[in-house]
């Protein structure tokens, strides 16, 4: 591997580690796939580089004040899920279409267990990359409803904005369905964990929060 290619890989490692959603093995597999066609790719070096960056990040987390911005965002999303039946996904795919597809898939899974979600909200990996960038530090959230009805979508967006403000985020949104919600000046600090932040977690949270009529237990 050339020094230029190693620098590129190291940059990707630092980004993936800082995002905080993947463990060492998952980061290794994603980067290996990304550079699988690279001639002379050094897998041993890759594992060592990931381990060093991961340990450095974990050491930094001990000095963080809590709750972090991610902690507050996770709480806001969980409340929107359980209280408002809005599917909220963290780091949902890499693109807008990925994220929307993931959200619709969760909504369909919820239907199968008798839960009707009123809409969805998300940010994807590209959004997170921009939020981590010290020159940007804004996290954009997408939103919609399964029917894509503008009136219903506005209701979902307003609930999301209100909830974010309740959790002391600086929010910018012009109030129309054509513009995404922006969390300004976010300080992204996520402690690596074993939590599955994907759609399965949303299904579990909403299914558990549903109060079933007593006759359904007969």
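Where a number appears in this text, it was derived from the coordinates with a stated rule and is not lab data. Since we're looking at a predicted model, the values are computed, not measured. We place every Cβ from the backbone using ideal geometry, glycine too, and count neighbours over all the protein chains shown.
When the chain is treated as a Gaussian network with alpha carbon springs shorter than 10 Å, the biggest mean-square fluctuation among 64, 197, 188 belongs to 64.
Cβ crowding within 10 Å, taken as a proxy for footprinting-reagent exposure, orders 120, 94, 140 from fewest neighbours to most as 94, 140, 120.
Applying 1/(1 + (r/R0)^6) with R0 = 25 Å to the Cβ-Cβ distance of residue 39 and residue 15 gives a FRET efficiency near 0.60. Where both bridge residues fall in the chain, DSSP classifies roughly 65% of the beta bridges as antiparallel. Considering only alpha-carbon pairs that sit under 8 angstrom and 6 or more positions apart, the relative contact order computed for the range 77-167 is 26 percent. Quote the relative contact order of the chain in percent (integer), defining contacts as alpha-carbon pairs under 8 Å separated by 6+ residues. RCO, the chain: 23 percent. Note on residue 23/residue 83: beta-carbon distance plugged into 1/(1 + (r/R0)^6) with R0 of 25 Å gives a FRET efficiency of 0.25. The order of the peptides 21-28, 157-164 by mean Cβ neighbours within 10 Å, most packed first, is 157-164, 21-28. Approximating the spin labels as points 7 Å out from Cα along Cα→Cβ, the residue 201-to-residue 30 distance works out to 1.4 nm.
Distance between the pseudo-spin-label points of residue 170 and residue 150 (7 Å out from Cα toward the beta carbon): 3.1 nm. Could you give the distance between the Cα centres of the range 27-48 and the range 86-138, to the whole Å? The range 27-48 and the range 86-138 have Cα centres spaced 28 Å from each other.
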